[in-house]
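Notes follow the structure.
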């Protein structure tokens, strides 16, 4: 797995440059701000994600190192294509300054519009388009997209980066609104409002990188693209946003009265 995640590390390197309001008896209540959504990519602006809140990297780690992967805006989406040469890595890593803190206790939701036009893989544990979403304490999932299935990369342990739970789904039919929600120890994926897949969150921290920065040990991480030399895809990418849930915490009230 020497080169499996090298390009994601490169993208990470490029990207990397309560108050208490009310006292009640017998409980003290701390209210969060209302649910807040951060728009990470607005496809209606007519630009690619790297001209907004992402960094884009495309590379080929194998001689002669020529890259055929490409990105281009074609209204109303960005077309990302790494299908012509499976050895290419290509995709987007969010700029850290654009991401809010992803707290699993409060919960958060990734929204993205995506259509897989075509996908090819030479290894059944790899996919040509992937979504990596990690919380502030490095729990999350890596979703893998084939033409006819969406599945999860297994986390730490003997089966690290192998095909875990999945669901048969036609990812090529139309531009689809996916929502990936994480709360506590679990995730849930929905497509156009219909639940598809759920399971436990993972950590991928046992993977040993070949460069100083490990993308699976970057808090509040979001990656969209092809992070393997064993698969490729052509996809249409539309709007991307992240929503932080509101929440209320009850704490014991401490009185200063004798």
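Bear in mind that the values in this text are calculations on the coordinates, not laboratory data. Quick caveat, the model's predicted, so the values are computed rather than measured. Virtual Cβ from ideal backbone geometry, glycine too; neighbours counted across all protein chains shown.
According to the square roots a ≥ b ≥ c of the eigenvalues of the Cα gyration tensor, what is the shape class of the stretch 164-248, taking rounded for a/c under 1.5, prolate for a/b larger than b/c otherwise, and oblate for the remainder?
oblate
Calculate the all-directions average of the projected area of the stretch 65-144's alpha-carbon convex hull, and give it in nm².
7.2 nm²
Sorted from largest to smallest, which semi-axis lengths in Å does the alpha carbon gyration tensor of the stretch 90-183 give for its equivalent ellipsoid, taking the root of 5 times each eigenvalue?
Working: eigenvalues 103, 60, 31 Å².
So the three semi-axes of the stretch 90-183 are 23, 17, 12 Å.
Shape verdict for the stretch 99-247, please, from the Cα gyration tensor: rounded (a/c under 1.5), prolate (a/b greater than b/c) or oblate.
It comes out oblate by the Cα gyration axes.
Using the Cα gyration tensor of the stretch 149-194, with a ≥ b ≥ c the square roots of its eigenvalues, what is the shape: rounded (a/c below 1.5), prolate (a/b larger than b/c) or oblate (neither)?
Oblate is the answer for the stretch 149-194, as a/c is 1.5 or above yet b/c matches or exceeds a/b.
Sort 215-222, 35-42 by packing, meaning the average of other beta carbons within 10 Å per residue, with the highest value first.
Those peptides, ordered most packed to least, come out 215-222, 35-42.
If you count, for each residue, the other Cβ atoms within 10 Å and average over each peptide, how do 144-157, 188-201, 81-94 line up from highest to lowest?
On the way: 144-157: 19.4, 188-201: 14.8, 81-94: 24.0.
Packing proxy ranking, top to bottom: 81-94, 144-157, 188-201.
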